[in-house]
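**Student:** The following block contains the structure, expressed as structure tokens.
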């Protein structure tokens with residue numbers, strides 16, 4: 001008779017096993033959701049970094065465009081001041097003040113004038129418009145005169161310089 005009867009704990013054992021399986025299933029689901037959340041947070045960070053980088057790139061590009069337009073105005077003022085070099089009139093003084101202020105604004109935009117005289121000619125920075133005979137081989141290939149300055153904003157060249165390059169007569173053509 002004892003063996004035919006079911007124990008009252010037997011029902012609890014099967015219920016406990018069912019609850020353990022359910023708990024295990026929910027723990028796997030929590031782990032899965034935790035990993036998914038971590039992946040989303042990583043993706044959000046990456047997106048934020050990419051957006052900041054792209055924003056900085058666009059800002060640098062626009063800054064360079066603005067600097068190039070203002071540089072054209074500065075060139076016009078340079079030519080006007082070259083004609084009026086000894087003029088002390090109020091108009092000439094006003095143009096000098098405007099030119100100086102424009103130079104400050106260009107510097108604030110990050111405009112940097114290239115210093116190429118004495119350096120080896122680099123076609124990525126300058127356009128060689130004249131070759132000048134060099135007295136010695138050490139001067140061969142170096143910039144000897146800047147006809148028009150070159151400028152960059154950050155790493156971006158916005159205007160190549162126009163230069164004269166020394167060429168030694170005995171040097172081989174490169």
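**Student:** What angle do you read, to the nearest 10 degrees and between 0 and 90, between the alpha-carbon axis of helix 8-83 and the longest principal axis of the chain?
**Tutor:** It works out to around 10 degrees.
**Student:** Please give, to one decimal in nm, the separation of the simple spin-label points placed at residue 132 and residue 56, each 7 Å out from Cα toward the Cβ.
**Tutor:** 4.0 nm
**Student:** Something else about it: Need one word for the chain: rounded, prolate or oblate. Basis is the Cα gyration tensor (sqrt eigenvalues a ≥ b ≥ c); a/c below 1.5 gives rounded, then a/b vs b/c decides.
**Tutor:** In terms of gyration-tensor shape, oblate.
**Student:** Taking every DSSP beta bridge that has both residues in the chain, what percent is antiparallel when rounded to the nearest 5?
**Tutor:** Antiparallel bridges: around 60 percent, rounded to the nearest 5.
**Student:** Of the beta bridges DSSP finds with both residues in the stretch 114-174, what % are antiparallel, to the nearest 5?
**Tutor:** About 50 percent, rounded to the nearest 5.
**Student:** Per residue of the chain, what 222 nm ellipticity follows from adding -39500 (n - 2.57) for every DSSP H run with n ≥ 4, rounded to the nearest 500?
**Tutor:** -20500 deg cm²/dmol
**Student:** Please compute the modelled spin-label separation between residue 117 and residue 14, points set 7 Å along Cα→Cβ, answer in nm with one decimal.
**Tutor:** If labels sit at residue 14 and residue 117, their model points lie 10.1 nm apart.
**Student:** Largest first and in whole Å, what are the equivalent-ellipsoid semi-axes of the stretch 55-129 based on the Cα gyration tensor, each being the root of 5 times an eigenvalue?
**Tutor:** Semi-axis lengths for the stretch 55-129 are 27, 20, 9 Å.
**Student:** For residue 155 and residue 75, what does the FRET efficiency come to when R0 = 22 Å and r is the distance between their Cβ atoms, rounded to the nearest 0.05?
**Tutor:** 0.45
**Student:** Something else about it: Percent of alpha carbon pairs in the stretch 114-174 separated by more than 20 Å?
**Tutor:** I get 24 percent for the Cα pairs in the stretch 114-174 exceeding 20 Å.
**Student:** On a 0 to 90° scale, report how tilted helix 90-108 is relative to the longest principal axis of the chain, with both axes built from alpha carbons and the result rounded to the nearest 10.
**Tutor:** The helix 90-108 is inclined about 30 degrees to the chain.
Every read-out reported here was derived from the displayed coordinates using simple, explicitly stated rules and does not represent laboratory data. What you see is a predicted model; the values in this text were computed from it and never measured. All Cβ positions, glycine included, derive from the backbone under ideal geometry; neighbour counts span all protein chains shown.
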